[in-house]
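The values are calculated or read from the model by the stated rules, or taken from the named source; none is laboratory data. These numbers were taken from a predicted model, which means no experiment stands behind them. With ideal geometry, Cβ positions are generated from the backbone for all residues, glycine too; neighbour counts draw on all protein chains shown. The area values use the complete protein model at the heavy-atom level, side chains included, leaving out ligands, DNA and RNA. Shrake-Rupley method; radii C 1.70, N 1.55, O 1.52, S 1.80 Å.
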Amino acid sequence: MKGLIRFFKGPVVHLVTSLALTGTGLFEIAEMVAESAHEVGTAHGLAIFGLAQVFKAVSEIAEGFQSSGELLREQQAREGEQI
């Protein structure tokens, strides 16, 4: 159960749902523009919220890659000392 919870809290799932929110919002905005209805509505807020969540997820993924790289370099340094 803990693995499932960790999966859904992970940055990849966060990124996918954020992209879905952004896409939905942008699709709604495109429909409004096509109908010449130039109103600010919930679709705009949805798109902005989705983009903010995308940036958050991407920063979490980048931070994870950076941490992984640091750990890999430390491990390689330790293996080099043992030889």
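Dividing the summed helix terms, -39500 (n - 2.57) for each DSSP H run of n ≥ 4, by the number of residues in the chain produces a 222 nm estimate of -31000 deg cm²/dmol to the nearest 500. Going through (1) 1.04; (2) 1.70; (3) 1.43, the figure that equals Cα Rg over 2.2 N^0.38 Å as computed for the structure here is (2). Against the chain, whose longest principal axis is taken from its Cα atoms, helix 11-34 shows a tilt of about 20°.
Heavy atoms of the protein chains alone define the surface here; on that basis the chain has 80 Å² accessible area per residue at 1.4 Å probe size.
Extending 7 Å from Cα along the Cβ direction at F7 and again at L26 yields two label points whose distance is 2.8 nm. Surface composition of the range 1-70: carbon plus sulfur atoms contribute 70% of the solvent-accessible area (1.4 Å probe, protein chains only, all chains present).
The residues packed around S67, meaning those with a beta-carbon under 12 Å from its beta-carbon, carry a net charge of -3 if Lys and Arg are +1 and Asp and Glu are -1.
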